[in-house]
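Single-structure report; data block below.
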Amino acid sequence: MKMYVAGQWIDKDQKIEVRNSYDNSVIDTVPRADRGDIERALQSAERGARAMAKLTSHERWKILHRAAELLAARVEELGTLISREEGKIVAEGRAEALRAVDTIMESAEEAKRVHGETVALDAASHGKGKFGVTIRVPCGVVVAISPFNFPLNLVCHKVGPAIAGGNAVIVKPATDTPLSAIRLTEILLEAGLPPEGINILTGSGGDIGDALVADRRVRKITFTGSRDVGEHICKTAGIKRVTMELGSNAPVIVMPDADLDKVAAAVASTGYANAGQVCISTQRVLTASRVYDDFLDALRPKVSALKVGNQLDASVQIGPMIREKEAARVDEWVREAVASGARVVTGGTRQGAMYAPTIVADVKPDMRISCDELFGPAVAVSPFTDIDEAIALANDTNYGLAAGIFTENLEWAWKFAREVQAGNLHVNWGPQWRADRMPYGGLKESGFGKEGPAYAIEEMTELKMVIFHLQS
Ligand code: NAP
C-alpha cells in the first residue's frame, strides 16, 4: 500500500514489509517515510487545518457519518485485514471493525456538540455590564500516533474526534500494523474529507517520531502506546497539548463471596483475548486466600481448553503474538517467576510467536510478571487476606488504567471503586471491557487525558473565553 502525503498517494523505493506473525509471510509493503516526507506532511497539514476550520459542524458530521457507513459496508474485509496484520483471531478482527464503525459514528454525532457556555461575569463584584461566553476552536494540526494492537479502532479514536473538532490530522500508525489505518484514510477521503485534512506517514517511530513530535506547527499530540515511548514523547514535545494512553498491569480482585465460575469465565476471556496484548488485559488476579485453590481449580480447565493456532482459522481462540521476540520475552518472565518460587498451573510453553495460555500461581508483587506490563497470554495469581490488603496490592504499581472486583458485597465494591487507583473500574467483570463512547484513560503512569469521542474532542479543541464589555 501507499502512504498519503500532501494530498497524494505516494510510494518510495525504501519499503517496510508487513508480515503475518503466524507464518511470517509478507502481506504487503508500505513506504518508509523520511524527514522530507515529514516536512511535506506538516506543510500540508497546516493548509489542511485552515480548510478543516472552515467546515461547518454539519459538514464535519456529514463526512464522518458517511465514513461510518462506508466502514460498516466493509466490516468483513477490514476485520480480515486486521486479523492478518495483527495476529488476532478473525472474530476479534471483525469485532474491532464493528467497534470502529461505532467510534466514527459517535465522532460524527459529537461534531454537532462542539460548543461553549455562557459565563455569568456579572456575578463578579466588578462584573456589572460584562457578558461572557466560551467557545471551542480547533487546535489546528493534530499528530496521532497509534500502537499495533488495535490497528483500526485506536486510529479511529484519534482521527474521528480530531476531524469532529475541525482539525487536520497526521497519522503515524505502528510499523507492524499500518494497513488498516491506510484503508481508513482512503475511506475518509471517499467520504468527502478535504484532501489535506489527513496525512498518513508510514515509517519507524524511532526514526521519524522526534521530528514530528517536536515540531512547533503541531499543536496537539494524541499518543497510544507503551509507557517508555510515551515518556520520551512527553519530553520531546515541548509546550503543546498531549494525550497519553499508555500501558498497564491490570488487577482483578476476587473476594471470598464471588461466584468462582463467573470469575473464571471472565478471567479466561479478559486475560487472553488478542493473546493478552490489550492494554487493559487482566494480568494480576488477586484472590482471597479462602477461595484461592477453588478459584485455580475453576480457572485451569477454561484456560487449558483455549485453542491456539492460525488466527485465520475460525476454530482458533488465540493467535500468535505480534512478534516472536515478544513471545520469547513472555516465556522468559514466566520462567523467571518460577525460578523465584511461583508455579505454572497450565501453559508455559512457546512455539514461535505463539505462547500457550498460561496461569502462574503464587506470584509475588516484585516479580516482573506482576509489577511490569506483561502484554501476553498469561495471568499471575496471588493470595490476599482481606479487602485492605487486596486494594494495597492492586495499587502497588506505577500503572493505573483499569481494574476489576468480583463480589456481591456493596460495601466492598464501593470501597474498591473509591480506593483503587485506576481510570476504569469494573464491578463483577474483568478490566478488559470498553464501550467506545465512555471516558477512557489511565491514572499514574498509565497516562493522562481521556478518549471516547465526546471527551477526546475536548482534548483536541481549545477553549477560548470571550468577554463583552457592555454599557448596560
Ligand atoms: P510502542 O512501541 O510504544 O509504539 C506505539 C507507537 O509509537 C508506534 O506507532 C511506534 O512506531 C511509535 N513510536 C515509537 N517510538 C517513537 C518515538 N520516538 N516518537 C514517536 N513515536 C514513536 O507500543 P506498541 O508496542 O505498538 O503497543 C503496545 C503498548 O501500547 C502497550 O504498552 C499497551 O499497553 C499500550 N496501549 C495502550 C492503550 C490505552 O488505551 N491506554 C491501548 C492500546 C495499547 P513504530 O511502530 O514505528 O515503532
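The values are calculated or read from the model by the stated rules, or taken from the named source; none is laboratory data. Fair warning: this is a prediction, and the values are worked out from it, not measured in the lab. Because the Cβ atoms are built from the backbone with ideal geometry, glycine has one as well, and the counts that use them run over all protein chains shown.
Only residues that are in contact with a Gly (Cβ under 9 Å, 6 or more places away or on another chain), within 15 Å of the ligand (Cβ to nearest atom) and outside any loop (DSSP other than H, G, I, E, B) were counted across region 232-272, and they come to 9.
Taken together, the criteria place Phe468 among residues that are among the aromatic types (Phe, Trp, Tyr), surrounded by fewer than 14 Cβ atoms within 10 Å (Cβ to Cβ) and either within 16 Å of the ligand (Cβ to nearest atom) or more than 22 Å from Ala392 (Cα to Cα) (or both).
For region 242-256, the count of residues that are surrounded by fewer than 19 Cβ atoms within 10 Å (Cβ to Cβ), of a type in the set (A, V, I, L, M) and either modelled with pLDDT of 95 or more or within 30 Å of Phe295 (Cα to Cα) (or both) is zero. In this entry, Thr80 is excluded by the filter for residues that are without any contact (Cβ under 8 Å) to a residue 12 or more places away in the chain and surrounded by fewer than 20 Cβ atoms within 10 Å (Cβ to Cβ). Report whether or not Gly197 is closer than 28 Å to Arg94 by Cα and away from the ligand (no atom under 11 Å from the Cβ). So Gly197 passes the test. Does region 401-449 hold any residues that are more than 19 Å from Val267 (Cα to Cα) and part of a strand (DSSP E or B), and which are they? Across region 401-449, the qualifying residues are Tyr440, Gly447, Phe448. Does Ile457 qualify as being touching a residue at least 60 places away in the same chain (Cβ under 8 Å) and surrounded by fewer than 19 Cβ atoms within 10 Å (Cβ to Cβ)? So Ile457 fails the test. Note on region 342-360: among residues that are closer than 22 Å to Thr270 by Cα and polar (S, T, N, Q), the one that is surrounded by the most Cβ atoms within 10 Å (Cβ to Cβ) is Thr358. Would you check if Val379 is in the same structural domain as Leu299 (by TED's automatic domain parsing) and either within 16 Å of the ligand (Cβ to nearest atom) or surrounded by fewer than 20 Cβ atoms within 10 Å (Cβ to Cβ) (or both)? Yes.
In the set (1) surrounded by fewer than 21 Cβ atoms within 10 Å (Cβ to Cβ); (2) within 15 Å of the ligand (Cβ to nearest atom), Cys156 fails one condition alone, (1).
When Tyr399 is tested against (1) more than 16 Å from the ligand (Cβ to nearest atom); (2) in the same structural domain as Ala264 (by TED's automatic domain parsing), exactly one condition is not met: (1). Filtering region 273-311 to residues that are out of contact with any helix residue (DSSP H, G or I) (no Cβ under 7 Å at 6 or more places or on another chain) and within 16 Å of the ligand (Cβ to nearest atom) leaves Ala275, Gly276, Gln277, Val278, Cys279, Ile280, Gln283. Is at least one residue of region 334-341 surrounded by 18 or more Cβ atoms within 10 Å (Cβ to Cβ) and not in a helix (DSSP H, G or I)? No: region 334-341 contains no residue that is surrounded by 18 or more Cβ atoms within 10 Å (Cβ to Cβ) and not in a helix (DSSP H, G or I).
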